[in-house]
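Everything on this sheet refers to the single structure shown next.
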Amino acid sequence: MAVVTSSAKRLTNRMAIAAVLIIAVIFLSPLYWIGSTAFKPRSLATTVPPTVFFQPEITSFIKLFTKRVQLTKPVDPAVYAAAPWYEQRIYDGGERMLRVGPNIQLSQYPNRFLNSLIIAVTSTFIAVSMGTITAYGFSRFKMPGEADWLFFILSTRMLPPIVVAIPMYLMYRVVGLNDTHIGLIILYTAFNLSFSVWLMKGFMDEIPKEYEEAALVDGYTRMQSFFKIVLPEAVTGIAATSVFCFITAWNEYAFALIMTSRRAQTAPPFIPSQVGSGLIDWTVIAAGTLLFILPVAIFTFMLRNHLLRGVTFGAIRK
Amino acid sequence: MNDPVNFVGLANYRDLLNDPHIWSNFWITAKYVIVSVSGQMVVGFGLALLLNRKIPAKGLITTLLMLPMMMSAAVVGLFWRLLYDPSWGPLNYVLGLGNFAWLSNADAALYAVALTDIWMWAPFVMLLSLAGLSAVPQHLYEAAAIDRAGTWYTFSRITLPLVAPLLLIALIFRTMEAFKTFDIAYILSTQPTTELVSIKLYKFAFQEWQTGKSCALAYIVLILVLAITNIYVKYLNQAKER
């Protein structure tokens, strides 16, 4: 009897593992498609049937970073031979790179990527620092109506960004913050702040008060004990909060779409805007997408163990 | 631009609530929320149940499965447009659907958007469920096995009640977020049948420039989301006290 049940159990276990693997493959296939499209030659990106095996190339990445125009006549063999390899790839595709004097003209992508980086990093830093201090206050001092305040802080996150964007847009137009880095940094800080206060409060609550009290008795000021005792204890919490704020700011679309147009535009509204009405070069879009996912994927992978506590506002303890 | 301010009282709200189109936007949103959230719950919880055992490279698989939810919804939407493409999209090829136009078919478009959303957010439910499942004390299962409890009995009397609080958190969180969906639907499809409330809001405000009306609609949305959030916070606190 026992043998039968255990072998039956082993069978269900094996079937479950097989199911997991199959589902994982199905689940990840769209991601694989993005990744593989980025390395396809343009002619193979939209074939029927879809191309799965091909010779990978990085032409799409070269295209992503440069401005190009169609060749009107075949390129001079001498010019072709003298060109560096990356320019030859472009010539092969029937296009030539635009130049300002001797320098290759860069596309807008690096600029948008840089905007994303500046805005996401700065706003994450400000939101997490302010959130840590606020959470410390909430956690250590009694204040009337604490729960109401916390709910009020969270309420800034309840509306669809589109809704908030209407009054913000009108106000920003008056004060001239539309399409500026500062404007987006303020916005992202504001809506990440609620999240970071809630998260950090969960972490702060778990740091024993006794440590600080001992320090205070030993003659530390409140500030000293905060920086020397509390902060080092809260490092994991700060890391987890940073990941979440960074993911949100990095991927934010609606605000960026409305508030920025050229100077301060980030990558999320920029990448889809590349899809015009004409012939879409999906390999370039895939390359842009792939590069765009990388920072957040790496960042998240490094701090993956903290994600869970983040999404539950500390309801789950490790 | 500098016209004198004209106070209209509740006229904007009256116009909105009398507008049958707005009601259809709310219906579309409700349908979308139900389809995509229930899909996420089933897929996510199912995956968690399957994953909750000894599996080679479990950490790696879990992390890989979580990749979709780290991506920008705008980028996800854009890429699913490639997958859904009627003439050369891989999805139609794999499913053998010929030239089925997912995103320009009035009936299918909303479900296509929901499917993308399920793909993106089922890992979130999976993550929460996995945490809940791993917290179920092993001795309960052993006791059930000694009592010769059936699989279904064990599942419905031990697993489900203990994971329920976390499932609820996931459910309410996802409902809140699905209600606010803008980017995925906006990028994927331009069909009137996928016009969610937030897309309608965007059109009111930034295409028709009806600021008053859009702000009134925003308040209606706020009240609805506030109600959902209140439930969320209540259950979160209960789960914390447990």
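The values are calculated or read from the model by the stated rules, or taken from the named source; none is laboratory data. Fair warning: this is a prediction, and the values are worked out from it, not measured in the lab. Cβ: placed from backbone, ideal geometry, glycine included. Neighbour counts: every protein chain shown.
General observations
- Among helices (runs of 4 or more DSSP H) entirely within the range B:54-144, having at least 1 residues that are more than 10 Å from chain A (Cβ to nearest Cβ) and at pLDDT 80 or above singles out B:73-84, B:90-95, B:108-134.
- Under the condition of being of a type in the set (S, T, N, Q) and closer than 22 Å to B:Thr62 by Cβ, the residues counted in the range B:37-47 number 1.
- Lone unmet requirement of (1) more than 9 Å from chain A (Cβ to nearest Cβ); (2) under 21 Å from B:Tyr232 (Cβ atoms) for B:Thr193: (2)
- Looking across A:Leu290, A:Leu279, A:Leu294, one residue alone is more than 9 Å from chain B (Cβ to nearest Cβ) and modelled with pLDDT under 75. It is A:Leu279.
- Among the residues listed as A:Ala286, A:Ala254, A:Ala249, A:Ala234, the single one being surrounded by 18 or more Cβ atoms within 10 Å (Cβ to Cβ) and more than 26 Å from A:Trp33 (Cα to Cα): A:Ala234
- Set A:Thr72, A:Thr124, A:Thr51, A:Thr66: member being β-branched (Val, Ile, Thr) and within 30 Å of B:Leu91 (Cα to Cα): A:Thr51
- Within the set B:Thr159, B:Thr154, the sole residue that is out of contact with any helix residue (DSSP H, G or I) (no Cβ under 6 Å at 6 or more places or on another chain), more than 12 Å from every other protein chain (Cβ to nearest Cβ), under 30 Å from A:Ser6 (Cβ atoms) and assigned to a helix (DSSP H, G or I) turns out to be B:Thr159.
- Enumeration of residues in the range A:49-83 that are surrounded by fewer than 13 Cβ atoms within 10 Å (Cβ to Cβ) and part of a loop (DSSP other than H, G, I, E, B): A:Pro49, A:Val52, A:Phe53, A:Gln55, A:Pro56, A:Thr72, A:Lys73, A:Pro74, A:Asp76
- Checked against (1) in contact with an Asp or Glu (Cβ under 9 Å, 6 or more places away or on another chain); (2) modelled with pLDDT of 85 or more; (3) not hydroxyl-bearing (Ser, Thr, Tyr), A:Ile133 meets all criteria but (1).
- When the range B:4-29 is filtered for residues that are part of a helix (DSSP H, G or I), more than 28 Å from the chain's Cα centre (by Cα) and among the hydrophobic types (A, V, I, L, M, F, W, C), only B:Ala11 remains.
- Test: B:Val125 is closer than 21 Å to B:Arg53 by Cβ and of a type in the set (A, V, I, L, M): yes
- A single entry from B:Ser129, B:Ser214 fulfils the requirement of being in contact with a Phe, Trp or Tyr (Cβ under 6 Å, 6 or more places away or on another chain), among the hydroxyl-bearing types (Ser, Thr, Tyr), closer than 28 Å to A:Phe151 by Cβ and without any contact (Cβ under 8 Å) to a residue 24 or more places away in the chain: B:Ser214.
- Only a single criterion out of (1) polar (S, T, N, Q); (2) more than 10 Å from chain A (Cβ to nearest Cβ); (3) surrounded by 15 or more Cβ atoms within 10 Å (Cβ to Cβ) is not satisfied by B:Thr211, namely (2).
- B:Thr181 being under 24 Å from B:Val42 (Cβ atoms) and outside any helix (DSSP H, G or I): yes
- Just one of (1) over 30 Å from A:Lys40 (Cα atoms); (2) in contact (Cβ under 8 Å) with a residue 12 or more places away in the chain; (3) acidic (Asp, Glu) fails for A:Asp281. It is (1).
- Among residues of the range A:223-234, those that are out of contact with any Leu (no Cβ under 7 Å at 6 or more places or on another chain) and either free of Cβ contacts under 8 Å to residues at least 24 places away in the same chain or not in a helix (DSSP H, G or I) (or both), counted: 7
- Test: residue in the range A:88-97 that is in a loop (DSSP other than H, G, I, E, B), β-branched (Val, Ile, Thr) and under 33 Å from the mean Cα position of the chain (by Cα): no
- Residue that is farthest from A:Thr124 (Cα to Cα), among those in the range A:239-270 that are free of Cβ contacts under 8 Å to residues at least 60 places away in the same chain and hydrophobic (A, V, I, L, M, F, W, C): A:Leu257
- Residues that are crowded, with 18+ Cβ neighbours inside 10 Å and either within 10 Å of another protein chain (Cβ to nearest Cβ) or in a helix (DSSP H, G or I) (or both), drawn from the range A:31-41: A:Leu31, A:Trp33, A:Ile34, A:Ser36, A:Thr37, A:Ala38
- Any hit, the range B:130-143, residues being over 30 Å from B:His21 (Cβ atoms) and of a type in the set (D, E, K, R): yes
- Checking A:Asp76 against (1) within 26 Å of A:Leu187 (Cα to Cα); (2) out of contact with any His (no Cβ under 8 Å at 6 or more places or on another chain), the condition it does not meet: (1)
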